Amino acid sequence: MPVKSGLAIVNAPRVTHRLHVHARAARDADVIVVGAGVAGLEAAGRLVRAGLSVIVLEARPRIGGRIDTQRPPGWPAPVEAGAEFVHGRPNNLMRALAAARARLGVHPGRHERARRAGVGPSQAVWMQAQSVIDDLPDEDVSIMDVLRRPAFARRLSRPAREMVIGFVEGFNASDARRVSARGLKEQAEATEAEGGDALHRVRDGYDRLALHLAAPLGRREGALRVATVVSEIRWGGPGVAIVAHGAVGGPASRLRARATLITLPLGVLQAPRSARGAVRFVPALPRAKRSAIERLAMGNVVKVVLRLRHPVGTGVFAPLGRDMSFFHAGAAAVPTWWVPRPFPPTLLVGWVAGRRAAAFAARYRTSDARLRAALAGLAGAIHTNGAAVAAAVEDARVFDWGADPFARGAYSWIPVGGLDAPAVLAAPVGGRLFFAGEATDTAGDPGTVHGALATGTRAASEIIGALRR
């Protein structure tokens, strides 16, 4: 049996054999949790502590979901393929990280941007853009519609308008033509209540949180099963039956439980039935639930992480300055870059999200092509030689969350007409189906780790209440 950090992990072939020898009518657990991301692990731990038997099924060969910490040899710090920042100081996440003994480091919020004459400070432009974001109307209209209004158009210079759109589409992985201004306003208010714009990074790697949340499962044989792909959830009878198979093939298995918690990303819930990783519900989910899934949107992110031969602010990267934090590269293929401080400035992270990520991924189909495009755009933004920039990169990693069949995007956002959809998606069905994950957040925290964590807490409470009646 593979073991990681003291956590017992059962692989898919073991699951198949174990289920084959048990009677089909036997109940395998009180609750089956589909997905070992933050929401699923948080809920599973609470259910175990409440005395319920739990099995967690995860399609990937690892836990964490959209937290994916990698440690390539020779790199000076962990590489976060997925979730990277701690936004503000949300109480639930701060408590969980403290319990995980994870150390935090501050990421400064300085902003610079590309100009014709070279790289220059953009704090004034950023503040102008931020003032508009803070004053968004409490209306379910798109950001583009808001920016067309004379009262807003007069307040914004062209660079500030571009920064508003870039922030809305980059930070929220959305489409400014469709994203709800009211939804963004609620998120801004939630962010302010949770510590504002302060940014931190987990120095030990964000996966420290996932391992901590999974610890209660390690004491129970077979409670956590990775490389196990759920293909069907049957809930028409008195309980639920989950049909699953190994990630590398093999015969299907069936697990039975009193209830199931579904923490699948929105992109997977939206996937066509024939798509890899898609899950079929039998009977189909109620119409209101299907409508909620359709009225939400999944945004994509492509990240390019560079290991440089020399620190930012020296050599070919001298234009960025030694204190660089965030750099906005304008119309470059990858428009936003940052040094993942407090880690060494020999690391540089590029970020393209939302509709620009979709166009970027469609135009550049391979990791090599995406890396070349990213470096060429960065070179153009700092007015330096492209070949010299490429030569200054010692190693690189490219991550495309839209290409992950078990995520199908990075995180959710709320289009116009979808304000009530997260609450509808979160609602239990028939006392047997329960839902969690960042797309079910109703507190203004979609797309965040602390939002996902809160939904796992909420779902566990719902399940405990339902099964103890």
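Observations on the model:
- The stretch 205-223, residues that are closer than 29 Å to Gly109 by Cα and open to solvent by less than 30 Å² (accessible area, probe 1.4 Å): Gly205, Tyr206, Asp207, Leu209, Ala210
- The numbered conditions (1) under 24 Å from the mean Cα position of the chain (by Cα); (2) assigned to a loop (DSSP other than H, G, I, E, B) are all true for Glu294 except (2).
- So Arg256, is it open to solvent by 10 Å² or more (accessible area, probe 1.4 Å), in contact (Cβ under 8 Å) with a residue 24 or more places away in the chain and touching a strand residue (DSSP E or B) at 6+ places or on another chain (Cβ under 8 Å): yes
- Any chance Met144 is open to solvent by less than 50 Å² (accessible area, probe 1.4 Å) and over 23 Å from the mean Cα position of the chain (by Cα): yes
- Filter pass, Glu139 being open to solvent by 10 Å² or more (accessible area, probe 1.4 Å), in a helix (DSSP H, G or I) and out of contact with any strand residue (DSSP E or B) (no Cβ under 8 Å at 6 or more places or on another chain): no
- Residue in the stretch 419-427 that is open to solvent by 10 Å² or more (accessible area, probe 1.4 Å), over 27 Å from Ser53 (Cβ atoms) and of a type in the set (Gly, Ala, Ser) present: yes
- Against the conditions (1) under 17 Å from Arg287 (Cα atoms); (2) in a helix (DSSP H, G or I), Gly417 satisfies every one except (2).
- Test: residue in the stretch 124-132 that is out of contact with any strand residue (DSSP E or B) (no Cβ under 9 Å at 6 or more places or on another chain), farther than 24 Å from Ala176 by Cβ and either open to solvent by less than 30 Å² (accessible area, probe 1.4 Å) or of a type in the set (D, E, K, R) (or both): no
- In summary, Ala318 fulfils each of the numbered conditions (1) modelled with pLDDT under 95; (2) hydrophobic (A, V, I, L, M, F, W, C); (3) over 16 Å from Gly386 (Cα atoms) with the single exception of condition (3).
- Residue within the stretch 46-66 that is on the phi > 0 side of the Ramachandran plot, buried (at least 22 other Cβ atoms within 10 Å of the Cβ) and not charged (D, E, K, R) present: yes
- Residues that are charged (D, E, K, R) and open to solvent by less than 50 Å² (accessible area, probe 1.4 Å) were ranked within the stretch 192-204; the one that is farthest from Asp134 (Cα to Cα) is Asp204.
Condition check ((1) surrounded by fewer than 18 Cβ atoms within 10 Å (Cβ to Cβ); (2) touching a residue at least 24 places away in the same chain (Cβ under 8 Å); (3) assigned to a helix (DSSP H, G or I)) across all residues:
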| residue | (1), (2), (3) |
| --- | --- |
| Pro340 | no, yes, no |
| Pro345 | no, yes, no |
| Arg356 | no, yes, yes |
| Ala359 | yes, no, yes |
| Ala369 | yes, no, yes |
| Ala373 | no, yes, yes |
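- Whichever residue in the stretch 42-93 is over 18 Å from the mean Cα position of the chain (by Cα) and assigned to a helix (DSSP H, G or I) and, among such residues, is nearest to Ala278 (Cα to Cα): Ala44
- Annotation note: Cβ proximity below 7 Å between a residue of the stretch 121-150 that is of a type in the set (Ser, Thr, Tyr) and a residue that is modelled with pLDDT under 95 (sequence gap 6+ or interchain) occurs for Ser122/His111; Ser122/Glu112; Ser122/Arg113; Ser122/His328.
- Restricting the stretch 168-191 to residues that are under 18 Å from Val301 (Cα atoms), assigned to a helix (DSSP H, G or I) and of a type in the set (A, V, I, L, M, F, W, C), the residue that is least open to solvent (accessible area, probe 1.4 Å): Val168
- Subset of the stretch 446-458 [within 19 Å of Met298 (Cβ to Cβ) and open to solvent by less than 10 Å² (accessible area, probe 1.4 Å)]: Gly451, Thr455
- Only one entry of Val243, Val229 meets the criterion of being open to solvent by 10 Å² or more (accessible area, probe 1.4 Å), of a type in the set (Val, Ile, Thr), closer than 20 Å to Gly409 by Cβ and not in a helix (DSSP H, G or I), and that entry is Val229.
- Pairing residues of the stretch 427-444 that are under 26 Å from Ala173 (Cβ atoms) with residues that are modelled with pLDDT under 95 and not in a loop (DSSP other than H, G, I, E, B), at Cβ distances under 7 Å and at least 6 apart in sequence or on separate chains, gives Ala443/Ala190; Gly444/Glu186; Gly444/Gln187; Gly444/Glu189; Gly444/Ala190.
- Scanning the stretch 29-41 for residues that are outside any strand (DSSP E or B) and open to solvent by 10 Å² or more (accessible area, probe 1.4 Å) turns up Gly35, Val38.
The values are calculated or read from the model by the stated rules, or taken from the named source; none is laboratory data. Quick caveat, the model's predicted, so the values are computed rather than measured. A quick note on method: Cβ atoms are made from the backbone with ideal geometry, for glycine too, and the neighbour counts reach across all protein chains shown. These area figures cover heavy atoms from the full protein model, side chains too; ligands, DNA and RNA do not enter into them. Shrake-Rupley method; radii C 1.70, N 1.55, O 1.52, S 1.80 Å.
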